[in-house]
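Undergrad: Have a look at the structure that comes next, please.
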Amino acid sequence: MTRAKRNLLFLFAFIIGIPVVYNLPPVRERLDWRVAELMASIKYAISPPEQIVFVPEESGLLETPTPRLSPTALSSSPTARIPSTEISVSTPSPTATLKPLPSTTQLEGFRHEFQTWNNCGPATLAMALSFWGWDGDQRPIAEFTKPNSRDKNVMPYELTAYVEEETNFEVIYRVGGEIELLKRFLASGFPVIIEKGFEGPGFEGWIGHYVLATGYDEASRQFTMQDSYYGSDQSMEYEDLESYWRAFNFTYLVIYPSDREEDALAILGSHADEEYNDRYAAQKASDEIYRLTGRDQFFAWFNRGTNLVRLQDYTGAASAYDEAFAIYPSIPEKERPWRMMWYQTGPYWAYFYSGRYQDVINLSTTTLNAMSEPVLEESYYWRALAREALGDTKAAIKDLGSAMKVHPGFEPALTKIEQMGEEP
């Protein structure tokens with residue numbers, strides 16, 4: 001064999017071998033995120049996502065529209081109330097007097113774990129479970145919650161489902177969390193998973209992130225966090241946590257063994273009732289609207305919409321989301337939470353169930369087009385429902401197929417495909 005032929009054969013084998021080597025799990029785990037980051041940098045340089053603005057087109061179709069309130073009126077009227085659906089939060093029944101909290105609490109016994117790419121949810125849940133003696137890691141959680149490793153996010157309900165279906169532990173999933181409630185859980189020996197906003201060097205703008213709260217210190221007014229990205233025992237001031245926590249409706253999850261259920265529910269108090277919790281969170285968001293400005297006010301309006309969706313007031317929720325999206329363009333571009341729809345799907349629920357199908361299509365299309373990789377199964381799914389509602393069955397089926405491709409076995413899409421008489 002001539003030297004030229006040997007070189008050609010070697011080159012051919014090298015080219016054929018690249019995908020084989022790349023798809024080896026250890027190699028792919030190390031390279032996937034680098035490739036994705038490179039593609040994202042190129043995409044975002046060409047089309048900056050922070051410059052893309054969604055404008056609802058069908059707000060005039062609402063049966064009971066909410067009058068538009070200017071930011072000036074909101075910030076100068078702290079005692080006012082939103083002129084839409086009244087939120088009634090019943091007075092909680094008397095409970096035992098709460099014990100004074102210790103000035104500091106630092107829980108130990110968990111195993112810190114650094115996340116793999118886009119895997120803060122599974123990694124944080126693994127750390128929380130390890131506190132109670134679970135000996136697994138983030139990998140089985142990721143396989144359950146995000147079969148596609150390129151999935152951008154794991155929802156709180158997906159983490160909840162893993163605990164309920166794959167472990168012997170119990171889980172509390174609530175919204176409208178408070179600093180004092182968080183401290184009380186910690187003081188009673190319960191670490192708490194928090195979903196919050198995140199900004200830092202090396203990131204393209206605002207992003208969502210899970211952390212595990214494991215302690216607090218009243219003197220310094222700081223929480224101790226186990227962070228799957230930055231490392232163990234990270235400190236965060238109370239005020240900073242509250243601001244970033246707001247972006248996710250003050251969502252929290254508490255994992256515990258069944259023999260600690262009585263203790264966990266006692267700490268929750270009236271919030272053990274999910275409807276009470278939703279109403280409380282909705283009123284909290286409504287109150288915050290009038291004392292906040294800028295991005296925080298955007299989050300407050302968004303949270304009001306999310307909580308009204310949970311209460312099945314879809315028309316009121318749609319009005320709240322309209323207000324949030326109206327504020328969005330006034331937020332400085334560098335501060336805009338342009339990934340918001342990666343993590344929260346409330347606007348899809350609100351617009352769809354108030355008959356605003358074109359807004360569902362426009363919002364989902366805007367969200368998917370702004371991504372470097374359009375890998376949000378929820379956005380494809382809701383766009384499919386809206387397209388079917390408008391009579392475009394062919395496009396709806398295509399979107400359902402895309403949802404299944406992004407998230408194999410995604411149950412809502414699978415069920416819908418079967419209802420339409422199509423093969424998955």
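Undergrad: Among K196, K183, K146, which is assigned by TED's automatic domain parsing to the domain that holds A264 and at pLDDT below 95?
TA: So the residue among K196, K183, K146 that is assigned by TED's automatic domain parsing to the domain that holds A264 and at pLDDT below 95 is K146.
Undergrad: Sticking with this one: The conditions are (1) farther than 30 Å from G294 by Cα; (2) over 23 Å from the mean Cα position of the chain (by Cα); (3) of a type outside the set (V, I, T); (4) part of a loop (DSSP other than H, G, I, E, B), and P408 fails exactly one of them. Which is it?
TA: (2)
Condition check ((1) under 20 Å from R246 (Cα atoms); (2) touching a residue at least 60 places away in the same chain (Cβ under 8 Å); (3) small (G, A, S)) across all residues:
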position	(1), (2), (3)
D322	yes, yes, no
P329	yes, yes, no
K334	yes, yes, no
P347	yes, no, no
Y353	no, no, no
V360	no, no, no
L363	no, yes, no
S372	no, yes, yes
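Undergrad: Return yes or no: is V309 aliphatic (A, V, I, L, M), crowded, with 17+ Cβ neighbours inside 10 Å and in the same structural domain as I194 (by TED's automatic domain parsing)?
TA: no
Undergrad: With the checklist (1) surrounded by fewer than 23 Cβ atoms within 10 Å (Cβ to Cβ); (2) over 27 Å from E204 (Cβ atoms); (3) in contact with a Phe, Trp or Tyr (Cβ under 7 Å, 6 or more places away or on another chain) in hand, flag the one item Q358 doesn't pass.
TA: The number of the failed condition is (3).
Undergrad: Inside the range 159-196, can you point out the residues that are assigned to a helix (DSSP H, G or I), surrounded by 17 or more Cβ atoms within 10 Å (Cβ to Cβ) and not hydroxyl-bearing (S, T, Y)?
TA: L159, V163, L181, L182, K183, R184, F185, L186, A187
Undergrad: Another one. Return the total of residues in the range 201-219 being part of a loop (DSSP other than H, G, I, E, B) and in contact (Cβ under 8 Å) with a residue 12 or more places away in the chain.
TA: Just the residues of the range 201-219 that are part of a loop (DSSP other than H, G, I, E, B), to begin with: 201-206, 218-219.
Remaining after also requiring in contact (Cβ under 8 Å) with a residue 12 or more places away in the chain: 204-206, 218-219.
Counting residues in the range 201-219 that are part of a loop (DSSP other than H, G, I, E, B) and in contact (Cβ under 8 Å) with a residue 12 or more places away in the chain gives 5.
Undergrad: Those residues that are in a helix (DSSP H, G or I), in contact with a Pro (Cβ under 7 Å, 6 or more places away or on another chain) and surrounded by 16 or more Cβ atoms within 10 Å (Cβ to Cβ), I need them from the range 242-286; list them, please.
TA: G269
Undergrad: Does any residue in the range 396-424 that is surrounded by fewer than 16 Cβ atoms within 10 Å (Cβ to Cβ) come within less than 6 Å, Cβ to Cβ, of a residue that is assigned to a loop (DSSP other than H, G, I, E, B) six or more places away or on a different chain, and which pairs are these?
TA: Within 6 Å, the pairs are P408/P147.
This table checks each residue for (1) assigned by TED's automatic domain parsing to the domain that holds F198; (2) assigned to a helix (DSSP H, G or I); (3) of a type in the set (D, E); (4) in contact with a helix residue (DSSP H, G or I) (Cβ under 6 Å, 6 or more places away or on another chain).
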| site | (1), (2), (3), (4) |
| --- | --- |
| A318 | no, yes, no, yes |
| A324 | no, yes, no, yes |
| W349 | no, yes, no, yes |
| M371 | no, no, no, no |
| G401 | no, yes, no, no |
| M404 | no, yes, no, yes |
| G421 | no, no, no, no |
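Undergrad: Only one of S188, S130, S149 is of a type outside the set (A, V, I, L, M) and more than 24 Å from S235 (Cα to Cα). Can you tell me which?
TA: On the way: S188 fails: more than 24 Å from S235 (Cα to Cα); S130 fails: more than 24 Å from S235 (Cα to Cα).
So the residue among S188, S130, S149 that is of a type outside the set (A, V, I, L, M) and more than 24 Å from S235 (Cα to Cα) is S149.
Undergrad: Can you name every residue in the range 103-140 that is in contact with an Asp or Glu (Cβ under 8 Å, 6 or more places away or on another chain), under 19 Å from T251 (Cβ atoms) and at pLDDT 95 or above?
TA: G121, A123, A126, M127 - these are the residues of the range 103-140 that are in contact with an Asp or Glu (Cβ under 8 Å, 6 or more places away or on another chain), under 19 Å from T251 (Cβ atoms) and at pLDDT 95 or above.
Undergrad: Here's something else I'd like to know. Please find, among V360, V375, the residue that is outside the structural domain of K152 (by TED's automatic domain parsing), assigned to a helix (DSSP H, G or I) and within 21 Å of the chain's Cα centre (by Cα).
TA: The match here is V360.
The values are calculated or read from the model by the stated rules, or taken from the named source; none is laboratory data. Computed from a predicted structure; not experimentally measured. Positions of Cβ are generated from backbone atoms using ideal geometry, with glycine treated the same way; all protein chains shown enter the neighbour counts.
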